[in-house]
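Single-structure report; data block below.
The values are calculated or read from the model by the stated rules, or taken from the named source; none is laboratory data. All figures in this text were calculated on a predicted structure; none of them were measured in a lab. So basically every Cβ, Gly included, is an ideal-geometry build from the backbone, and we count neighbours across all protein chains shown. Ligands, DNA and RNA are stripped out before the accessible areas are found, and what is left, the full protein with its side chains, is counted by its heavy atoms. Shrake-Rupley method; radii C 1.70, N 1.55, O 1.52, S 1.80 Å.
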Number of protein chains: 2
Amino acid sequence: PLVAQPPAPANVWAPLTVEEIASIQKWLDEPALGLNLTRGDQATLSDNHIFLIDAYQPPKAEALAYIENPSSTPRPTKYARVTIHHGTVPVIKDYLVGPLPISSKSNMTELTEVYHRDDIPYHARGAMVAAELTPLVQKIMVPLADVTEELFGASARGLPNDTLLAGAGGPWSFDGTFRRAWLSWRRNVAGPWLHPVNFFQYIDMSGTDPAQWKLLKIVYNHQAFDGVEDFLEAFHNGTLKRLPERPDQRKDPSWSTRKRPDPDYRRDLDHLPGPRSVSFAGLRFRVDRELQYVSWLGWGLYLGFNRDMGLSLWDIRFRGERLIYELAPQEAIAQYAGNDPMQSTTAWLDRFFGMGGSVRDMMPGYDCPHEAVYLPATTHSGIGIIKRDRAICIFEQDSGRPITRHTGYSKDEFGAVKGYVLTIRSISTVGNYDYCFDYMFQVDGTIEVRLSASGYLQGGYWEPKQEGYGAPIRETSMGSLHDHVINYKVDLDMVGTKNSLLQTTTATEEVEHPWIEEDWGSKVIQQKISRTYIENEDDALLKYPHNFQGGYAIVNKEETNTWGTVRGYAIHPGYSPVYNTVVGSKRLLNNANWARYNLAVSRRKETEPTSSSMWNQHLPGAPVVDFHKFFDSENITQEDLVAWVNIGMHHLPQAEDVPNTRTNLAASSFFLTPLNYFDTDVSIESINAVILTAP
Amino acid sequence: PLVAQPPAPANVWAPLTVEEIASIQKWLDEPALGLNLTRGDQATLSDNHIFLIDAYQPPKAEALAYIENPSSTPRPTKYARVTIHHGTVPVIKDYLVGPLPISSKSNMTELTEVYHRDDIPYHARGAMVAAELTPLVQKIMVPLADVTEELFGASARGLPNDTLLAGAGGPWSFDGTFRRAWLSWRRNVAGPWLHPVNFFQYIDMSGTDPAQWKLLKIVYNHQAFDGVEDFLEAFHNGTLKRLPERPDQRKDPSWSTRKRPDPDYRRDLDHLPGPRSVSFAGLRFRVDRELQYVSWLGWGLYLGFNRDMGLSLWDIRFRGERLIYELAPQEAIAQYAGNDPMQSTTAWLDRFFGMGGSVRDMMPGYDCPHEAVYLPATTHSGIGIIKRDRAICIFEQDSGRPITRHTGYSKDEFGAVKGYVLTIRSISTVGNYDYCFDYMFQVDGTIEVRLSASGYLQGGYWEPKQEGYGAPIRETSMGSLHDHVINYKVDLDMVGTKNSLLQTTTATEEVEHPWIEEDWGSKVIQQKISRTYIENEDDALLKYPHNFQGGYAIVNKEETNTWGTVRGYAIHPGYSPVYNTVVGSKRLLNNANWARYNLAVSRRKETEPTSSSMWNQHLPGAPVVDFHKFFDSENITQEDLVAWVNIGMHHLPQAEDVPNTRTNLAASSFFLTPLNYFDTDVSIESINAVILTAP
Ligand SMILES: [Ca+2]
Ligand SMILES: [Ca+2]
Ligand SMILES: [Ca+2]
Ligand SMILES: [Ca+2]
Ligand SMILES: [Cu+2]
Ligand SMILES: [Cu+2]
C-alpha cells in the first residue's frame, strides 16, 4: 500500500520492540535490582521469573499534547509494564519500568494504583504450563489406565501418545486462597472439546510445590468419589453405576475435524473460485508499517497491540478531527451451564489466556480477502517473545449497497454514493474458540465494531438429563449452553474531551390538536422524544430501552452543529445486543460486573485504564480490577468520559455448531455513528458516486 | 450467467406477461361482460375502469403437486387478479379472471374470500392522479398567490412552473365514508420534502365529482382558518401571527440535492475507483431469465413480482430440500409525529402506492456491484403497463470473513471456509423514500432478510416547540420523528408442511450439585433452556424475549436429525429488531395490527394470502384485511404454518439524514437459519476452503 502520513512521527501507543523487550529483560537481570530471576523456561513455581513485558500507555494529557504538536512537544516518556512472578514469596507484582530506552535514569516502581486489591495472589497467576500438571496426571491416571480403557477405550499416562486429554474448567480460585480445578477428560483426537468422556477430577494445585498437588474428587456418571482408591473399589466391586455403552465413542472421530465429510459431494459450480475483490487502480488505504498507522478516505488511526487483549486503536480521526482516543477490547467472558461439575462451575475470562498472546497467523485469502495487507505483532510471555507476521489485516471492500441513494424526478436528486468499508481485523484463538475482532470504517463517519466467533464448542456428555443445558451434536456429545459477553473501552472525544452522556427515550403521548376535529378527533396519540443528560456515574450503568425506544450518545453540550444541536456520536446496537443472563453466581461474583449491562459510562481516569485484568479470571470474590468501583458517584457532565460497551451472544448450541461455530450467526456488534456531529451526511462528498438525470 | 435448471419447466408464481395482460384487458372490454369500461387514461372518477391486472397465486396444494412432479401433473390453472374501479356506483371490486390464457372457458368471479369487509370503499381507492387535484388547487391557491409570495416567496397556480408543491398526508379516510387529506405545502425544488413552508390545508375529496371538492381548513403557524376568505381577512387585517422571517428559505436550496457540496474538497485517494468484485472464472450463480429462476451453490428459487409489494421468492430449496414455500414482503408502515396537522395525523402504508409499481431502474455499479445480473419486472396499473429492465439484481460477494475457521494444533482441525453471499435485491422508491429489499443467501443454509432505507426524510417546519418531534436539519427545516415497521410473510416448510412453533427461553436456575462442596458451595446458579410448543394461534402474537433470552423456530416435531432433535429453522433477529412504538392511534387503529409484534405465527390459509391490502392505508377503522382475524384460536401443532415477521426502525431524524438517509444505520434484518435442521454445519462441504497443517 501507499505510505501514510501520520499526524505525529511516532506511535506513542505502539507495542514494545523486540530490542526494547530484550533490553528490559537484561536490565531486570542486573543483580543490583535484587530480583533473583530465573529464566522463564527454566523456572519452577517457587522461582522468581518474568511473566510479561508489555508496553504501558502514556498518560492521555501527555499523548494529546504530543500528537497535537509533535514538532515542539516532547514525546511522552515511555514505560513498560513488567509482571514478575515472585515464586519465592509467592506473590505476583506488576511494575512500571522506565523511562525507555533503558538508561541510568530507568527504574522500576510497583504498579498498584490501577488495581483494587493490595496483592495479586500467586494462585491467580497465568500461563499454567501443561507440563506442570504431568506429575499429578501420572499419579492419578496411571492407576486408572486399565479402568479408563475399559470404560472409555482410552487412557492417559502423561505420555505423548495418551488417548485421553484433560481440559480444565475455571475459575481456579475464589479469592486467591487456593488454586483448584475441575478437569474434564476428553478423547485426544482433533476437536477434543467435542469428545468428553464424562469423567471429571477435581485437583488441588495450591502452593508452589507440584509434589504436594493432589486429587480431591472424581465424578463419573453423577457419582462422586474421594479419590482413586474409592473409585477403583466401586469399579471392582460392581457398585459403580456405569454409563450406557457408547459405541459412537469408538467410531471414527473425523466428524470433529474440518475435513469435507464426503469428498465426492459437490454443490453446483462450487468448483469455481468465488468472486474476488480487486482494486484495479491500487489500494486506497495507506499504511505506515513502521508506526502501525493506517489511513483511508479521511480516516486515520494508530494501532496498538498487547498480550492481554490484542489489537487496539488509538487517536481515531475522521476528516481531521479526533473522534476517539482509544478503542480497545477489555475482556471476554463465557459462562457455562450443565449437569456436570465442569460446565456448572465454569466461567471463562479469556484475557487470562491472552487475546493478544493467542493471535496466530491468519490464513490469507480465507481469514481476510486476497488484497488484504497484513501487519505483524509481537508479544512477550514468560517463555519468550512471540512474533506473528500476519496478526492484523486491513482491507477495503465494496459493501455491496450504496450508502445513500434516491431515484427522483428533479434535477440533482437522482443518484447514489458507493458504500465502501475499510476493515481492520485480528483473530485470537483461545483454545477451542476463535474470536474475529473487526473494526469497520465507513464513508459517512460510522464505525461498526463487530466480533464474530468460530472454533469449537466446549462440549459435554449428552444424556437425556442434560435437556435444558444445550443440545446433542452426536450420539453422546453435546454443546453446552453458555453466554458470551465482550467488553470494549470506547474513549470518544467529541470536539475535545469535555463531554456529556445524552439519554434519548421515546414514548407515546396524547396531545390536543384542536384543528383536527371530527374526522380524527382532537386527541392525537403519537410518539415523542425525551432527551436528558445522565449526570452521575451511578446512573450510567445502562441497558438499552425496551423495544430499543431511544438510546445513548456521547455529546459535547457546548458544541453545536450549525442547526443548534449538540454534536456527538451515538452508541447504537448492532447484531445481538445482549448482556449476561446469569447474575449472582459465585464463580462470576464480582470479577465481570460490566457484563450485567449493555453499556456503562464513567469519568475517564488514568487509574482506571481497563475494566478487567488477566487475574480477574480466578478471583471472582476479590478481583484485581473491580469494575463497579469506577462508579463512585462522580459527576459526568462535561468531563472526559469513557463508554464501556458490551456485545455478546447467548450461545444455545445446535448440531450446526459442528465442526465449528458459524460466524454469520455467532456475531455481535455495535455502531459508533455521528449524531448531529455534522451539519449533513458527509458521505455525499464522495467522488465514487453518480448523479443521473431523471428519465 | 449460466443457464439454470429449475425443478419444473414453469414458474407458476410468475407475473403476467405483457401479452397476458393485453388479452385480459381486451377480454374485459367485451360488451357481453357489461363492465362498461373506460380506458384508464381517459376515465374520470365516475367512470368504470381497470385499476390493476396482476397475477394471482395458485393454491399451494396445486403448486406443490406440480413442482414435485411436473412431468405427470398438470400445471395449476392460472388466474389473474383484476381490480376494477366501478366509478358509476361507486365501489371497487376485485375479481379473479381465468383460466388463462383467455378462452371461451374463462370467466370472472368476485374475489371476496380473502377480505374482511363486504365492500371495498371507493374512498380508499389507489393512485390519485395529481391532475385530479389541479382544479381544486387552482380554486384554493390562486386567490392566495400574492399572500404566499409574501409569506413564503412562492406560490402555486396549478401550473408547471409553480414554486409551491403540495404533499399530502394520510390516511384519507377512517372507514371509507369520506376522503379528506391534509396538504403540506413545500417549495418546488429538488428534495421538496425537506422544504415545508408550514402551511397546511385540509381538503375534502369525497365523492366522484372533483367539482364538489373543497377546502375545509387552513393552518398556518398554529392558527386555523375555515377557508381562504378567513385566512385572507386575518392576513390583511393584521391579526395573523406570522412566522419569523425565514431567510434560509430564500437561499440556494441545493443543500437538498445530491450534488457534492464542495466540488474541490477531496478525501485522500477518493479519486481512485474503489475495489470491485470480480468472478474471474465466471459467475457461479445461474439464472433462467425466462422463468425467473435463480440457483447458486445448492440454493434454488423462483421469483415473483407484483404491483403491491414487488419482489417475492418462491419454492426456496437448499441442497434439494424445500425450506420455504413463499417469502414476500407484505406491508411497510411509517407513522409520524409532530406539532403540525400533517405529521401528527400521518401514518403511511406504502403498499397503497405500490412497492412493485414504484420500482425504478437500478443504477448499475452503484445500486448493485458491477457484476450484478439484472432482471426485468412488469406491472400493470390503470394507466398502462410499466416495464423496468433493471428491477431486480442478483450478485455474489465475498462476505470478507470465513463462515467458519479454526487455528488448531491437531491434524485436520486447522482451516477455514470462505463465506460467500448471494444477494437478490430490488429497490422501491415510494415518493421520498427508497426501500432496498435484500435477500442474502449464505453457504450454511442461512438467509438474511434485510431492508435498508435511503431517500429523503418527510420534513417538517423547525421551531423550538417542535422539540421532541425530531431534529433540525437546517435553519427552519426538520426531520420528523417516525417509526418504520415492515412485515414479511415467511411460509417455512420444514420437511413438509406439517410444522409446529417452538418457543425457547432461558432463565437462571439454582440447583444443588453436591460434589462441589466447600470451594463453590453446593448451590449452582446457572442458565437453563426451556423449550415449549405454542399450540394456539392466540398465543402466537410474539415479541422477542427480554435481553433476547430465547427465541422462536418453526420445526417439524415428527422429524428429527440423527441426534434426535426436531429439525427446524430459527427466526433470529438481526439489525434493529423493533416493532411499532405507538398503539391505539386512530389513524392506525386496526389496519396494521401486525406491527404491534416482532412476529406472529398463524395457520396457513388460502383465504389469508397476505397480511394487508393496498386499501388498508385509508381504512384504519375498517380495514379490508384485518390481521388479527387470522388469529382465531386455531391449533397450530403440526399444521402448515406461516410466520409473519417484522423488521423496522425508530427513525429519530438527525442532521446526517440530509440529503438522504444512510443505509448503514437505516437497516433492519432477520435471519432464517437452520436449527438442528442438519446433523452438522453443511458449509464444511464447501470446496472454497483450506485445511492447513498446524505449524
Ligand atoms: Ca468514577
Ligand atoms: Ca473521552
Ligand atoms: Ca387462524
Ligand atoms: Ca409452512
Ligand atoms: Cu459460544
Ligand atoms: Cu425514516
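What the table shows:
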| item | result |
| --- | --- |
| Every residue from region A:239-281 that is more than 7 Å from chain B (Cβ to nearest Cβ), open to solvent by less than 20 Å² (accessible area, probe 1.4 Å) and without any contact (Cβ under 8 Å) to a residue 12 or more places away in the chain | none |
| Hey, B:Q527 more than 16 Å from ligand 6 (Cβ to nearest atom), at the interface with another protein chain (Cβ under 8 Å from one of its Cβ atoms), under 23 Å from A:H484 (Cβ atoms) and open to solvent by 10 Å² or more (accessible area, probe 1.4 Å) or not | no |
| Out of A:I102, A:I53, A:I67, A:I140, sole residue that is surrounded by 15 or more Cβ atoms within 10 Å (Cβ to Cβ), of a type in the set (A, V, I, L, M), closer than 24 Å to A:W213 by Cα and touching a residue at least 12 places away in the same chain (Cβ under 8 Å) | A:I140 |
| Where B:Q654 falls short, out of the listed (1) buried (at least 23 other Cβ atoms within 10 Å of the Cβ); (2) in contact (Cβ under 8 Å) with a residue 60 or more places away in the chain; (3) within 30 Å of A:W520 (Cβ to Cβ); (4) more than 10 Å from every other protein chain (Cβ to nearest Cβ) | (4) |
| Residue, nearest to B:W520 (Cα to Cα), within region A:160-180, restricted to residues that are under 23 Å from the mean Cα position of the chain (by Cα) and assigned to a strand (DSSP E or B) | A:A168 |
| Tabulated pairs, region B:360-371, first at pLDDT 95 or above, second open to solvent by 10 Å² or more (accessible area, probe 1.4 Å) and part of a loop (DSSP other than H, G, I, E, B), C-beta under 8 angstrom, 6+ apart or interchain | B:D361/A:P695; B:M363/A:L692; B:P364/B:H370; B:P364/B:A372; B:E371/B:S279; B:E371/B:L283 |
| Checking A:D538 against (1) surrounded by fewer than 19 Cβ atoms within 10 Å (Cβ to Cβ); (2) within 8 Å of chain B (Cβ to nearest Cβ); (3) not hydroxyl-bearing (S, T, Y), the condition it does not meet | (2) |
| Some residue of region B:547-554 being more than 13 Å from every other protein chain (Cβ to nearest Cβ) and either under 29 Å from the mean Cα position of the chain (by Cα) or within 16 Å of ligand 2 (Cβ to nearest atom) (or both) | yes |
| Residue list for region B:469-509, restricted to those being open to solvent by less than 10 Å² (accessible area, probe 1.4 Å) and either within 16 Å of ligand 1 (Cβ to nearest atom) or among the basic types (K, R) (or both) | B:K489 |
| Test result for B:S683, away from every other protein chain (no Cβ under 14 Å), out of contact with any His (no Cβ under 8 Å at 6 or more places or on another chain) and open to solvent by less than 10 Å² (accessible area, probe 1.4 Å) | no |
| Residues satisfying the stated conditions in region B:490-506, i.e. facing chain A (nearest Cβ under 8 Å) and either within 17 Å of B:R567 (Cα to Cα) or of a type in the set (A, V, I, L, M) (or both) | B:T504 |
| Residue check, B:R662 among the basic types (K, R), crowded, with 22+ Cβ neighbours inside 10 Å and either within 16 Å of ligand 5 (Cβ to nearest atom) or at negative phi (or both) | yes |
| Search result, residues across region B:610-623 that are open to solvent by 10 Å² or more (accessible area, probe 1.4 Å) and either under 15 Å from the mean Cα position of the chain (by Cα) or within 15 Å of ligand 4 (Cβ to nearest atom) (or both) | B:T610 |
| Residue satisfying all of: in region A:324-343; more than 19 Å from the chain's Cα centre (by Cα) and among the small types (G, A, S); nearest to the other protein chains (Cβ to nearest Cβ) among these | A:A337 |
| Hey, B:T581 surrounded by 22 or more Cβ atoms within 10 Å (Cβ to Cβ) and within 16 Å of ligand 6 (Cβ to nearest atom) or not | yes |
| Any chance B:S184 is within 12 Å of chain A (Cβ to nearest Cβ) and assigned to a strand (DSSP E or B) | no |
| Enumerated strands (runs of 3 or more DSSP E) restricted to region A:282-330, each holding at least 3 residues that are surrounded by 23 or more Cβ atoms within 10 Å (Cβ to Cβ) and in contact with a Gly (Cβ under 7 Å, 6 or more places away or on another chain) | A:310-318 |
| Lone qualifier among A:V601, A:V583 - being closer than 17 Å to B:Q526 by Cα and away from ligand 3 (no atom under 16 Å from the Cβ) | A:V583 |
| Selection from region B:149-200 of residues that are on the phi > 0 side of the Ramachandran plot and buried (at least 19 other Cβ atoms within 10 Å of the Cβ) | B:G176, B:G191, B:N198 |
| Residue in region B:594-609 that is modelled with pLDDT of 95 or more, buried (at least 24 other Cβ atoms within 10 Å of the Cβ) and within 16 Å of ligand 6 (Cβ to nearest atom) present | yes |
| B:N646 being under 30 Å from B:A334 (Cα atoms), crowded, with 24+ Cβ neighbours inside 10 Å and more than 7 Å from chain A (Cβ to nearest Cβ) | yes |
| Subset of region B:72-99 [surrounded by fewer than 19 Cβ atoms within 10 Å (Cβ to Cβ) and not basic (K, R)] | B:S72, B:T73, B:P74, B:T77, B:H86, B:T88, B:V89, B:P90, B:V91, B:L96, B:P99 |
| Test for A:D340: is it of a type in the set (D, E, K, R), assigned to a loop (DSSP other than H, G, I, E, B) and in contact with a strand residue (DSSP E or B) (Cβ under 7 Å, 6 or more places away or on another chain) | yes |
| Output for region B:28-72, where each listed residue is farther than 18 Å from B:S381 by Cα and not in a loop (DSSP other than H, G, I, E, B) | B:P31, B:A32, B:L33, B:K60, B:A61, B:E62, B:A63, B:L64, B:A65, B:Y66, B:I67, B:E68 |
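Okay, residues lined up against (1) within 14 Å of chain A (Cβ to nearest Cβ); (2) over 18 Å from B:G574 (Cβ atoms); (3) away from ligand 1 (no atom under 16 Å from the Cβ); (4) hydroxyl-bearing (S, T, Y):
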site	(1), (2), (3), (4)
B:E606	no, yes, yes, no
B:T610	no, yes, yes, yes
B:W615	no, yes, yes, no
B:P623	no, yes, yes, no
B:T661	yes, yes, yes, yes
B:A666	yes, no, yes, no
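Yes/no per residue for (1) under 30 Å from A:A190 (Cβ atoms); (2) facing chain A (nearest Cβ under 10 Å); (3) over 31 Å from the mean Cα position of the chain (by Cα); (4) surrounded by fewer than 20 Cβ atoms within 10 Å (Cβ to Cβ):
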site: B:I385; (1), (2), (3), (4): no, no, no, yes
site: B:A391; (1), (2), (3), (4): no, no, no, no
site: B:E413; (1), (2), (3), (4): yes, yes, yes, no
site: B:A416; (1), (2), (3), (4): yes, yes, yes, no
site: B:G419; (1), (2), (3), (4): yes, yes, no, no
site: B:I424; (1), (2), (3), (4): no, no, no, no
site: B:T429; (1), (2), (3), (4): no, yes, no, no
